[in-house]
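The values are calculated or read from the model by the stated rules, or taken from the named source; none is laboratory data. Just so you know, these numbers come straight off a predicted model, no measurement behind them. For neighbour counting, all protein chains shown are included, and Cβ atoms are generated from backbone atoms with ideal geometry for every residue, glycine included. Areas reflect the complete protein model, heavy atoms only, side chains present, ligands, DNA and RNA absent. Shrake-Rupley method; radii C 1.70, N 1.55, O 1.52, S 1.80 Å.
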Amino acid sequence: MHHVLRRLPLWIGLAASSAAFGQAILGIDASAPVTAPLEHQLQMGASVSPSGERLGANSRYLTRNGKPWMPVMGEFHYSRTPADEWETELRKMKAAGIDIVATYVMWNHHEAQDGQFDWTGKRDLRRFVQLAAKAGLDVVVRLGPWVHAEVRYGGIPDWVVDAMPTRGDDPQYLHYVERLYAQIGAQLKGLLWKDGGRVIGVQLENEYNLTGPGEGAGHIRTLKRLALKAGLDVPLYTVTGWDQTVYPSGEVTPVFGGYPDEPWATSTRELGPKETYAFRFDSRVSGDLGAQTRATAKGTADTDGDKTPFLGAEYGAGLPFMYRRRTVVSPDDIAAMLPVQLGSGVNLVGYYMFHGGRNPAGTAAMQESSQSGGYNDTTRISYDFQAPIGPDGQQRPVLAHLRPFHLFMRDFGDRLAPMTVRKPDMVPAGPDDLATPRLSLRSQGDSAFLFVSNHVRQYPMALQHQVRFSVKLPGQTMVFPRQPVDLADGSYFIWPVNLDLDGTRLRYATAQPVARLDRGKAGVTYVFAASAGIPVELGFEAGTQLSAPGARIAAVDGAVVVDQIEAGSAAAVTITRGHKAPVTLLVLSAQQAQQLSVGQLAGQRRLVLSAQQSWFADGGLELRAQGDPAFRFAVYPPLAAPPKAGSALTSSRDGVFQVFEATLPARRIDAAVTPLRAARTAAPVRVGGAAKAALEPLPESFSAAAAWRIDIAPAMRKGNGDGDALIELDFVGDIGRLFAGTQMLDDWYYSGYGWQYAMKHAGAGPLTLSVLPLRADAPIYLPKQARPDFDGKAQVAELRGVRVVPVYQLSVRP
């Protein structure tokens, strides 16, 4: 129907009678007054740029030019990625909704020998920061000197560890730390915020909870003094706040994190429900984050919460594979954490890792290992982390699940950041309570956002049947939606309450705000994403003039309700405002929202829908596809002139979107596999080390590995200029290793998660794959679906196949 109004019964204030109709009213009282955030609690560094731009922080949120600011931060290690790939990968991160790139400076990657610093190639920190700025990203540099990062000795060089005490105010140690910081300061000279650059913060140390002589908060104060002496005068100084870390209150701000599982745990079974999926109303710490040291007392962050904003740095965008525990996570396992963290008050979502990588070649044993006293065993080269962007630039499915939330924070974060967390009337008894609804509200005055999550990794949540929400605000009580909804196991979302749409109030929506496009004289477009399995219902103030082709518009006491909306490319609600330009609400399906990117294209901020990986560069659009040379992307607002591409584009329309399609020449790349060696009997897996758990086999143990030769024709390696290819190695065993001659290119702990390696990095000759057998009695954790059927055998080492997947890239220019 179009513009049809029907009068329906009163629906606001039905909480008292709803139970009679089998409805569940979930209530939240957000009417209590809130004190203003505290100012001047943090000793920030130089926070004003030469152009007058100002960064700030109060006890609740960050500010940018005086406005609340809610950025998204993603970790990307420059020294674990080839330098010639940085620029493209940083642009991909920007298109994924990342605002700040964080990176560790791993000391032993730069000063393997005393006094011999290397800041060249993939260790060129300065160039990395410059390219980040070019991509429109701010930068936080995590200085160390101890960083963890699953690197040997937490990044401290062997020659330091061998000669002196570390991680404290030992004079000899501080001499070398001061020299390191001076080197970093020289690399970043002129690139800091105060100089007009994009370095807005530094992190000191990592997971620091040591309290012995010369340690504790005083050591963090010393590191800050040394950073300032090195010229590292930046707006923000951070420390990690979990696992009882200690720091000088007021001089630094803590950052937090949470992971969907614990690869550092010693259990060989599934863990219980994680705290990461439970809204937190009294604490900022989300369970065990794997610190290498154990504290004996409460940390500073436990008593510092009223002075510092709730910022994140290590919410797991994936998980590492560790030898004894190889957890595989789904896209929903990661994305479902976001409403929980935001609903718990987080005002900076920081991910570890957002981009995977590999340890530098030619440096033996750079990984964290029990052989060097580490708590964990990690792969020698691979640092994949199941990250949203893989080591070779490939987009993982999780990125599409996360991006709508990032876009929401980019366009609506200034509204959310000042809002106060409100606890619901009913809360779960603990993380393992899977029956009680999980929700939270953040509000300021009569405006709010509702956060719901009914997803817990590996554990089915109870269906919440026929649910409505009752939100008591200072000026009114809202009960919505008009039609009760079912919250299925696995559902999670953010819904608005009294959202200002450029002068029109949207009382509520059963869809998530994603983006706002200012189209100038053409008006403003608000983009919403339907919540999977939940009908879209929009409630406006009475008297709102609007049209919604194909939907039902009903006049309800005190509201105008639009429902029966079929989310998609044509699902638009238009609000007319007299002489003012109209406001349009575009409601995408959940699947479309996962294909959505927002960026500058042809001189204007636009929406782009594509199932292919996409990012923006130089006013144009780049698209990348694996295996399929057919490209399709949709643009809104439409382009004034047809764009240009390396292949012929066809155009059509899909609702309000302009659609373009192109097909590149297909490429077939074959790999010939020849067995070289059969597996021998693998030695039993040893148990011990700091964790008193399964230990990675010693180097000599790999003599038992099976091996295959992989040949890819030289002509096929060259491709046709349309892109690279990914070598997919499908094996079952304990550890796989890929070689070019005697040089190890990559390694992989078997987990059932797909292993890929970029063909362009594989050299010109044949490759060798070795697979150490997995013993049936190995005391390691594997996901149930990946556990091999040993069929009575003592071990398994199999190569199920090698496939070379072409990578295609399409460049689109206006």
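Restricting ARG605, ARG624, ARG632 to those that are under 21 Å from ARG519 (Cα atoms) and either open to solvent by 20 Å² or more (accessible area, probe 1.4 Å) or outside any strand (DSSP E or B) (or both) reduces the list to ARG605.
Looking at segment 53-74, is at least one residue over 30 Å from ARG442 (Cα atoms) and polar (S, T, N, Q)?
Kept after step one, since they are over 30 Å from ARG442 (Cα atoms), are these residues of segment 53-74: none.
No, segment 53-74 contains no residue that is over 30 Å from ARG442 (Cα atoms) and polar (S, T, N, Q).
From THR674, THR663, which residue is farther than 29 Å from PRO766 by Cα, open to solvent by 60 Å² or more (accessible area, probe 1.4 Å), out of contact with any helix residue (DSSP H, G or I) (no Cβ under 6 Å at 6 or more places or on another chain) and of a type in the set (S, T, N, Q)?
Working: THR674 fails: farther than 29 Å from PRO766 by Cα.
One residue alone meets the criteria, THR663.
Looking only at residues of segment 28-42 that are over 19 Å from SER443 (Cβ atoms) and of a type outside the set (A, V, I, L, M, F, W, C), we find that the one that is surrounded by the most Cβ atoms within 10 Å (Cβ to Cβ) is GLN41. Out of segment 35-61, which residues are in contact (Cβ under 8 Å) with a residue 40 or more places away in the chain and closer than 11 Å to PRO418 by Cβ? The answer is PRO37, ASN58, ARG60, TYR61. Scanning segment 227-252 for residues that are within 14 Å of LEU180 (Cβ to Cβ) and open to solvent by 10 Å² or more (accessible area, probe 1.4 Å) gives LYS229, ALA230, GLY231. Residues in segment 295-340 that are farther than 30 Å from PRO248 by Cα, of a type in the set (D, E, K, R) and in a loop (DSSP other than H, G, I, E, B): ARG324, ARG326.
Say we look at segment 120-129 and pick out the residues that are of a type outside the set (D, E, K, R) and in a helix (DSSP H, G or I); which of these is nearest to TYR181 (Cα to Cα)?
Within segment 120-129, the first condition is being of a type outside the set (D, E, K, R), and the residues that meet it are 120-121, 125, 128-129.
This time we only want the ones that are in a helix (DSSP H, G or I), so: 121, 125, 128-129.
Details: GLY121: 20, LEU125: 13, PHE128: 17, VAL129: 16 Å.
Only one residue fits best here, namely LEU125.
Figure legend. Inter-residue proximity from segment 647-665: first residues touching a residue at least 40 places away in the same chain (Cβ under 8 Å), second residues exposed (fewer than 15 other Cβ atoms within 10 Å of the Cβ) and assigned to a strand (DSSP E or B), beta-carbon distance below 6 Å, spacing 6+ or different chains. Indicated pairs: PHE660/SER651. Within segment 413-436, residues that are closer than 30 Å to ARG516 by Cα reach partners that are among the aliphatic types (A, V, I, L, M) and open to solvent by 40 Å² or more (accessible area, probe 1.4 Å) with beta carbons closer than 8 Å, at six or more positions or on different chains, in the pairs THR420/VAL34. Close Cβ contacts (under 9 Å, 6 or more residues apart or on different chains) running from residues in segment 114-141 that are farther than 20 Å from ALA227 by Cβ and open to solvent by 40 Å² or more (accessible area, probe 1.4 Å) to residues that are of a type in the set (Lys, Arg) and assigned to a helix (DSSP H, G or I) comprise GLY115/ARG179; LYS122/ARG80; LYS134/ARG91.
So that you can scan it fast, the table gives a plain yes or no per residue for (1) touching a Gly at 6+ places or on another chain (Cβ under 9 Å); (2) at pLDDT below 95:
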{"residue": "ARG709", "(1), (2)": "no, no"}
{"residue": "GLY721", "(1), (2)": "yes, yes"}
{"residue": "ALA725", "(1), (2)": "yes, no"}
{"residue": "GLU728", "(1), (2)": "yes, no"}
{"residue": "GLY733", "(1), (2)": "no, no"}
{"residue": "ASP746", "(1), (2)": "yes, no"}
{"residue": "MET759", "(1), (2)": "yes, no"}
{"residue": "GLY763", "(1), (2)": "yes, yes"}
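Only one of the numbered conditions (1) surrounded by fewer than 22 Cβ atoms within 10 Å (Cβ to Cβ); (2) modelled with pLDDT of 95 or more; (3) among the hydrophobic types (A, V, I, L, M, F, W, C) is violated by ALA542, and that is (2). Restricting segment 565-602 to residues that are at pLDDT below 95 and on the phi > 0 side of the Ramachandran plot, the residue that is most open to solvent (accessible area, probe 1.4 Å) is GLY578.
Of the helices (runs of 4 or more DSSP H) contained entirely in segment 1-119, those carrying at least 3 residues that are at pLDDT 95 or above and not hydrophobic (A, V, I, L, M, F, W, C) fall at 86-95, 107-110. Out of all the residues in segment 22-58, which are within 20 Å of VAL140 (Cβ to Cβ) and among the small types (Gly, Ala, Ser)? Of everything in segment 22-58, those that are within 20 Å of VAL140 (Cβ to Cβ) and among the small types (Gly, Ala, Ser) turn out to be GLY45, ALA46, SER47, SER49, GLY56, ALA57. Condition first: among the small types (Gly, Ala, Ser) and surrounded by fewer than 16 Cβ atoms within 10 Å (Cβ to Cβ). Now tell me which residues in segment 489-523 satisfy that. Result: GLY503, GLY520, ALA522. If you go through segment 188-226 and keep only what is open to solvent by 50 Å² or more (accessible area, probe 1.4 Å) and aliphatic (A, V, I, L, M), you end up with nothing.
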